[in-house]
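Here is the structure we will look at.
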């Protein structure tokens, strides 16, 4: 996926003037030392591939320089307000612009590994669970006075667009969609078979919440098509023809 750029909150939907909550989670000296030392040791032993380091069968560490500091608090928010399975966050901090999240490693398989081989019955069971999870997300109202934003009241990030400076820019970007737009809807922002973990026919984890927040209600579908360059016909949940 391409680099993610910030979308500044539209002036017409101001955030609360109160101080924003900390984006750190359990940021203690001992936990920071454990995370940083573990990364150094693992990188010497195993070539790093991607942003996630597998520490054990129960733990992993996500590292990134992308501007998505609210991912950890978003997972905590989702765990508190829904029954959607998300990794438990043990520690998160962001020194010098680099994000570290120590979290639960969810046991299972990424759905993309076997989606095309699944039976229609199996796919139906998975999709029914995902529908319930999306329904739960969409029932989460934005805080009073807060429009398009993440759970901390800050900027959202998409996977293909540039920086949007003000409300007029945002309005021009979505002007031809306005007939479909209602109030901002809580959205994962990047939901696909790449970030859904299953064991058998049960969804046991939804990961990669860095783009989540209150978006226009059409965003989950159109954002994925644009980000992934899906010019081909899309069928059920990520299959293309």
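Report the FRET efficiency, 1/(1 + (r/R0)^6), for residue 57 and residue 28, where r is their Cβ-Cβ distance and R0 is 22 Å, rounded to 0.05.
Approximately 0.35, to the nearest 0.05.
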| task | Would you mind ranking 100, 218 so that the residue whose beta carbon has the fewest other beta carbons within 10 Å leads the list? | result | 218, 100
| task | List 151, 52, 35 from most exposed to least, where exposure is judged by having the fewest other Cβ atoms within 10 Å. | result | 52, 35, 151
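Using Cβ counts within 10 Å as a stand-in for footprinting exposure, how do 220, 71, 210, 104 rank, fewest first? Don't skip to the end; give the middle numbers.
Details: 220 20, 71 24, 210 28, 104 16.
Taking fewest neighbouring Cβ atoms as first place, the list is 104, 220, 71, 210.
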| query | If you bin the C-alpha pair distances of segment 83-132 every 10 Å from 0, what whole percents do you get? | reply | 19, 34, 26, 17, 3
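None of the figures in this text is laboratory data; all of them are computed from the coordinates on show. The shown structure was predicted, so the numbers you read here are calculated from the model rather than taken from an experiment. All Cβ positions, even for glycine, are placed from backbone atoms using ideal geometry, and neighbour counts span all protein chains on display.
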